[in-house]
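In what follows, a structure is listed as structure tokens, so that the remarks can point back to it.
Laboratory data are not the source of any read-out in this text; all were calculated from the coordinates shown. The shown structure was predicted, so the numbers you read here are calculated from the model rather than taken from an experiment. Here the Cβ is made from the backbone with ideal geometry for all residues, glycine too, and neighbour counts use every protein chain on show.
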Amino acid sequence: MPTTPGYTVAVLGLGAMGLPMATRLTEGLTVHGFDISAERLELAAGAGVRTFPSAPEAASGADAVLLAVRDGAQLREVLFGEQGVAAVLAPGAVVVMTSTVGIDDVVDVARRLAEHDVHLVDAPLSGGPARAGAGDLLIVVGAAPHAREKAAPVLDLLASTLSVIGDEPGQGQAFKTVNQLLCGVHIAAGAEALALAERLGLDPAATLETLSAGAAGSFMLANRGPRMLQALQDEDAEVLSRLDIFVKDMGIVTRAARAAGLPTPVASAAEQLYLLGAAQGRGAADDSSVIEVVAPRRGSTAGGAAG
């Protein structure tokens with residue numbers, strides 16, 4: 001287990017991903033934490049995190065600040081808003097940005113941070129809370145070599161697979177945009193396939209097992225498929241990844257493609273399924289519930305192509 005005595009990281013936001021990452025980081029670093037929720041602060045304190053009543057207090061004097069925010073607007077608010085932390089960071093500090101917010105937002109924030117002599121490490125990640133707590137995340141990085149070196153104590157504790165994509169902030173986001181195109185399409189395609197299997201009279205569970213063993217299998221089918229089967233049985237699946245995250249991410253994908261002048265008809269079709277799901281009130285449900293857009297629950301009047 002790598003340890004770096006005297007190195008302090010501030011984790012701002014102790015939610016579903018922030019808290020397990022902060023907990024993991026306590027195994028080798030001094031960890032400061034802040035969250036607007038008193039309950040999350042209490043949990044963090046119990047896990048060995050030194051908690052603070054405000055984000056600037058948590059970030060003051062830190063070598064690194066770890067952020068897991070929802071979107072570009074929240075990123076700017078945390079750094080440059082009324083309680084923004086950019087002004088309290090010491091020259092040479094790094095901000096490690098783990099969320100998927102899009103290329104342009106990260107490039108803009110990196111430019112603004114550079115005015116404070118603070119460096120942005122663009123490090124979007126893949127893997128859920130359990131993998132975060134175990135240091136088993138896939139992290140892709142776009143950052144200058146000196147910024148990567150400064151952030152290494154944080155990244156090394158969190159990642160089992162660490163891939164340097166490039167030397168510029170925004171390149172991590174570019175890679176994650178491509179990644180999310182495939183993930184979003186695979187979930188949507190898996191939903192249509194399992195809905196079709198049921199409509200054709202096949203056993204959905206047996207179909208899922210057999211598909212996963214063959215050339216049509218994918219990680220997303222194997223991972224989301226069991227929760228899709230719950231939806232087909234009119235059961236609510238545990239929320240492990242919200243549907244509205246893919247509304248955001250597929251929007252990032254299609255905007256990036258338009259800016260690049262590249263047609264993405266398959267990604268655009270998948271995006272519409274997530275938008276339909278959100279419009280039907282499924283935004284806070286697990287993203288596997290996109291299957292209900294094409295195969296509504298019995299007795300439901302909402303739906304898409306199941307008529």
**Complete:** Taking alpha-carbon centroids only, the range 59-97 lies from the range 4-29 a number of Å equal to 14
**Fill in**
The extension gain from E209 to D234, computed as 0.36 nm times the residue separation minus the Cα-Cα distance, is 7.0 nm
**Prompt:** Using unit Cβ charges (K, R positive; D, E negative) and no other charged atoms, how large, in debye to the nearest 20, is the dipole of the range 46-144 about its Cα centre?
**Reply:** 240
**Complete:** Between the residues F219, G13, T207, the Cα farthest towards the positive end of the dipole of the chain, that dipole coming from +1 and -1 charges on the beta-carbon of Lys, Arg, Asp and Glu, is from T207
**Message:** Could you tell me the center-to-center distance, by alpha carbons, between the range 161-199 and the range 101-158 in angstrom?
**Reply:** 19
**Message:** Which residue, G46, Q272, L232, has the largest displacement toward the positive end of the dipole of the chain when charges sit on each Cβ (Lys, Arg +1; Asp, Glu -1)?
**Reply:** Q272
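Kindly work out what percent of the DSSP beta bridges joining two residues of the chain are antiparallel, to the nearest 5. Before the final figure, lay out each step's value.
On the way: 4 of 29 bridges.
For the chain, the DSSP antiparallel bridge percentage is about 15.
What ranking of D249, D234 emerges when the number of other C-beta atoms within 10 Å of each C-beta is taken as an exposure proxy, fewest first? List each step's numbers first, then the result.
On the way: D249 23, D234 11.
Placing the least packed residue first, the sequence is D234, D249.
Under 10 °C and 1.306 mPa s, how fast does the chain diffuse according to Stokes-Einstein, given a Kirkwood radius computed over C-alpha pairs? Answer in µm²/s, whole number.
Values: Rh = 20.3 Å.
Diffusion coefficient, whole number: 78 µm²/s.
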**Prompt:** Between T3 and D108, what length in nm is gained on full extension when 0.36 nm per residue of separation is reduced by their alpha carbon distance?
**Reply:** 34.6 nm
**Item:** Highest-first arrangement of 28-40, 200-212, 157-169, where packing means the average Cβ count within 10 Å
**Value:** 28-40, 157-169, 200-212
**Fill in**
When all Cα-Cα pair distances of the range 8-168 are considered, the percent exceeding 27 Å is 12
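Given charges of +1 on the Cβ of Lys and Arg and -1 on the Cβ of Asp and Glu, with all other atoms neutral, how large is the dipole of the range 209-307 about its Cα centre, in debye to the nearest 20?
In total the dipole reaches around 340 debye.
What order do you get for H186, H146 when you list them from fewest to most C-beta neighbours inside 10 Å?
The order, fewest Cβ neighbours first, is H146, H186.
Enumerate the helices in the chain for which the Kyte-Doolittle hydropathy averages 0.0 or more and the C-alpha atoms extend at least 15 Å along the helix's axis, using complete DSSP H runs.
Numbers: long enough: 103-114 (17 Å, 0.42); 145-158 (19 Å, -0.06); 171-199 (42 Å, 0.40); 219-232 (20 Å, 0.26); 243-260 (26 Å, 0.67); 265-279 (21 Å, 0.90).
Correct list, ordered by number: 103-114, 171-199, 219-232, 243-260, 265-279.
Note the full-extension length gain between E82 and E149 as 0.36 nm times their separation in residues minus their Cα-Cα distance, in nm to one decimal. Provide the component values of the computation, followed by the final result.
On the way: separation 67, 0.36 × 67 = 24.12 nm, distance 3.00 nm.
Here the answer is 21.1 nm.
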**Request:** Quick one: which residues, 5 or more positions from A10 or on another chain, have an amide H under 5 Å from its amide H? H modelled 1.01 Å from N in the peptide plane, none for Pro or chain starts.
**Result:** H32, A64, V65, L66
**Request:** For the range 62-166, build the charge dipole from Cβ charges (+1 Lys, Arg; -1 Asp, Glu) around the Cα centre, then report which of A134, A93, P124 sits farthest towards its positive end.
**Result:** A134
**Per-q log10 I(q)/I(0), the range 174-294, q = 0.13, 0.14, 0.18, 0.22 Å⁻¹ (Debye; single scatterer per alpha-carbon; no solvent)** = -0.48, -0.56, -0.89, -1.23
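State to the nearest 20 debye the size of the charge dipole of the chain about its Cα centre, where the only charges are +1 on K and R beta carbons and -1 on D and E beta carbons.
Values: 21 positive and 34 negative charges, 60 e Å.
It comes to approximately 300 debye.
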